[in-house]
Amino acid sequence: MNVHAAWAETAAADTTAPVTLRFEPDRAEWDALEARAPFPHLPQNFAYAAGRAALGWRLRRTVFEQGGRPVAYAAVLEKRLAGLRVLTRLNRGPILLEGAPSPDTVTAVYTALHRHWRGPLLIAPALPRDNGNDAALRRAGFVIRQRQGWQSARIDLTRSEDEIWAGFASTFRNRYRQAAKAGARLRIANDAESFDWMVERHLANMRAKRFNGPGPILLRGLRDTAPENVLVFQLIAGDTPVAGMSVVRFGTHAEYHIGWFGEDGRRLNAGNFLMWEIMKEMKRRGVATYDVGGMRPGDGYTRFKETMRPVPFTLIGEWMSF
């Protein structure tokens, strides 16, 4: 189908019309929707959802339409036993295509979601935390399950490099300079061998520090679906990579996904060096916004991310319907 023809009209969708669902759009359409979205999220990316499906979930890519025009999209995951759906999960979605959707539009989209996937349906909506969105979700048939939602922060890459650099804390800039002065070098790769190197160190890092993160099946499913959108940034000391970070591009956005810092990398201020090099490279590739990959108040790595002065956001928490 010609997805762009329907979007070329300047008239807004009829917000009084019911929202209908259309399933299994192809990747070209999904990518076009993602490129339009002002606030997309990585779990709703075409390739990331494929990685989740590799874990045994049934994936239902869904376009929400109102008055004949798309207003949102979502990668919905179903868990089935003996052919019966026993659980439906949606993480950081649906992605609304308006920057400031009306409460009526929010309610209509989530009502359509609730009516099609009658419980149990667990969602972590891609909505900022405010009373208006609480009310819209309740009108759509959802109840709060957990108030704490995903927290992260984003950096505007449409500014000049000088403006972005000037926005960092002086400690961030100084440590980047120290790394560069010490001879830190950058390698950017998207080949399978470099990604396997990154995944192996990410897994070792999880074991050593006892935290949960994306596992190898999801990560390799993501990379296998869209290798062109997954980059590995390595800090090289001598001839050896001593730190690495993987970044995923989706639409006009990119997000830090997994990383590892060896002792030599930490001594070289690898986080400062790699983060700034990532931002410069993403900007060169036309990315408009860089997500620092999650924030946890009180966490040491979060305090480091705060020295980049990103704009924080908090989503509305977890909700459910039956």
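The values are calculated or read from the model by the stated rules, or taken from the named source; none is laboratory data. For clarity, every value in this text was computed on a predicted model and none was experimentally measured. Every residue, glycine as well, gets a Cβ built from its backbone with ideal geometry; the counts of neighbours run over all protein chains shown.
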Qualifying positions in the range 230-240 - modelled with pLDDT under 95 and of a type outside the set (A, V, I, L, M): Gly238, Asp239, Thr240
Might you check whether a residue that is acidic (Asp, Glu), in the same structural domain as Gly271 (by TED's automatic domain parsing) and assigned to a loop (DSSP other than H, G, I, E, B) occurs anywhere in the range 184-196? yes
Identify all residues within the range 132-156 that are among the β-branched types (Val, Ile, Thr), within 30 Å of Val287 (Cβ to Cβ) and out of contact with any Pro (no Cβ under 9 Å at 6 or more places or on another chain); write none if there are none. none
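Going residue by residue through the range 199-216, is there one that turns out to be in a loop (DSSP other than H, G, I, E, B), among the polar types (S, T, N, Q) and either at negative phi or not assigned by TED's automatic domain parsing to the domain that holds Tyr256 (or both)?
Yes, that holds for at least one residue.
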Check on Leu97, farther than 22 Å from Ala288 by Cα and either of a type outside the set (S, T, N, Q) or surrounded by fewer than 18 Cβ atoms within 10 Å (Cβ to Cβ) (or both): no
Could you say whether any residue in the range 194-207 is within 20 Å of Met282 (Cβ to Cβ), among the aromatic types (Phe, Trp, Tyr), out of contact with any His (no Cβ under 9 Å at 6 or more places or on another chain) and surrounded by 19 or more Cβ atoms within 10 Å (Cβ to Cβ)? yes
Take the residues in the range 123-149 that are modelled with pLDDT of 95 or more and under 16 Å from Pro40 (Cβ atoms), then tell me which one is surrounded by the fewest Cβ atoms within 10 Å (Cβ to Cβ). Ala124
Tell me, yes or no, whether the range 237-253 has at least one residue that is out of contact with any helix residue (DSSP H, G or I) (no Cβ under 7 Å at 6 or more places or on another chain), buried (at least 23 other Cβ atoms within 10 Å of the Cβ) and under 24 Å from Leu157 (Cβ atoms). yes
Selection from the range 166-217 of residues of a type in the set (Lys, Arg) and in contact with a Leu (Cβ under 7 Å, 6 or more places away or on another chain) yields none
